[in-house]
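Written below as structure tokens is the structure these notes are about.
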Amino acid sequence: MARGSFSRRPTVRDRALCLRRYRYGESSLVVRVFTRSHGQVSLLAKGAYRMRSRYFGVLDLFDTLGLEWRASRAELGSLTGGEVLERRRALSADLDRYRAGLHVLELVALGTREAEPDPGLFQLTLDTLDALAQPDVEPELARLAFDLAFLAQLGLKPALEDCASCGRDLSRERAKLVPVSYRAGGRLCTDCATEEGGHRSPLARQALGNLKVAQSLMKTPIAALGRTRIAPASQEGLDRFVQGFAEYHLETQPRVRTVRRSTSPGPALPPTSTRASAS
Ligand SMILES: [Zn+2]
């Protein structure tokens, strides 16, 4: 019986970050969340758009949420309780921080799956959103640091000091520009670069200084980024490399980057917190 099976569904509690929201029917909302211990979960929040809903202003992007839901294998889980554990309003008040935050959530959506928890990535995402809420942290730098840490967390850390192909230690090489290959997994020695370029994919070159910046960025805790500054040219070159690398290995181009380059006025999902604070 449907009624009996409904009541037998287990109730689950977890910390969560809202990745995407879709309107459902007249007043409900489907939210895709990344949870600490359950990976990605899709939940139906019935009546979330009603002014008196207990979820009103709760299911915003960037906030750490405490959610409770009835799980279901065959369909959407149904949200039964929710609260904001940490509100990060600063991200919705500044367009650059907002876009960087969207980029972070989008990569998390691409890099995680249902029922595959990744507590390390969950914590990294919280730390990055916290950093983005700090006025002394440059949003583009936090985004770049996140991209590098995200790749490492997924086991896709680009080779920066060793050859990605043969593993040779390249830390003593002093060339200004060094060959890199997304396909091979990062920096290459001269021999492997010749082979890679001759047989397979066109090679890119990257300033060695940029790769060193990437290394030191990966050693800096995201919470300590407020004191970190890197030269704009270095950031730009490194950004291209890391974006290209991530796009190649995730086989997609994150949507927010496209928004950023275009003259489009803004992202598709406005936060509801403005409405909530106005009520
Ligand atoms: Zn090599």
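The values are calculated or read from the model by the stated rules, or taken from the named source; none is laboratory data. What you see is a predicted model, and the numbers here were worked out from it, not measured in a lab. Using ideal geometry, Cβ is built from the backbone for each residue, glycine included, and neighbour counts are taken over all protein chains shown. Calculation scope for accessible area: heavy atoms of the full protein, side chains included, ligands and nucleic acids excluded. Shrake-Rupley method; radii C 1.70, N 1.55, O 1.52, S 1.80 Å.
General observations
- When residue 72 is tested against (1) assigned to a loop (DSSP other than H, G, I, E, B); (2) more than 30 Å from residue 148 (Cβ to Cβ); (3) under 23 Å from the mean Cα position of the chain (by Cα), only condition (3) is not met.
- Residue in segment 88-106 that is assigned to a strand (DSSP E or B) and modelled with pLDDT of 95 or more present: no
- Any chance residue 82 is open to solvent by 10 Å² or more (accessible area, probe 1.4 Å), in a strand (DSSP E or B) and under 27 Å from residue 150 (Cβ atoms): yes
- Residues within segment 142-188 that are outside any strand (DSSP E or B) and more than 16 Å from the ligand (Cβ to nearest atom), tallied: 18
- Scanning segment 213-229 for residues that are surrounded by 14 or more Cβ atoms within 10 Å (Cβ to Cβ) and either touching a Ser or Thr at 6+ places or on another chain (Cβ under 8 Å) or without any contact (Cβ under 8 Å) to a residue 40 or more places away in the chain (or both) turns up 213, 217, 220, 222, 228.
- Of the criteria (1) crowded, with 17+ Cβ neighbours inside 10 Å; (2) modelled with pLDDT of 90 or more; (3) not aliphatic (A, V, I, L, M), which one residue 66 fails: (1)
- Failed item in (1) charged (D, E, K, R); (2) in contact with a strand residue (DSSP E or B) (Cβ under 8 Å, 6 or more places away or on another chain); (3) more than 30 Å from residue 228 (Cβ to Cβ), with residue 52 passing the rest: (2)
- Residue match in segment 208-226 (condition: in contact with a strand residue (DSSP E or B) (Cβ under 6 Å, 6 or more places away or on another chain), more than 21 Å from residue 133 (Cα to Cα) and either modelled with pLDDT of 90 or more or within 16 Å of the ligand (Cβ to nearest atom) (or both)): yes
- For segment 234-249, filtered to residues that are of a type outside the set (A, V, I, L, M) and in contact with a strand residue (DSSP E or B) (Cβ under 9 Å, 6 or more places away or on another chain), the residue that is nearest to residue 112 (Cα to Cα) is 245.
- Check on residue 198, more than 16 Å from the ligand (Cβ to nearest atom) and not aromatic (Phe, Trp, Tyr): no
- When 124, 141, 110 are checked against the criterion of being closer than 25 Å to residue 241 by Cα and open to solvent by less than 10 Å² (accessible area, probe 1.4 Å), a single residue qualifies: 141.
- Within segment 177-190, residues that are farther than 20 Å from residue 234 by Cα have Cβ atoms under 6 Å from residues that are away from the ligand (no atom under 11 Å from the Cβ) in these pairs: 183/201, counting only partners at least 6 apart in sequence or on another chain.
- On the stretch given as segment 19-46, residues that are on the phi > 0 side of the Ramachandran plot and either buried (at least 17 other Cβ atoms within 10 Å of the Cβ) or touching a residue at least 60 places away in the same chain (Cβ under 8 Å) (or both) total 1.
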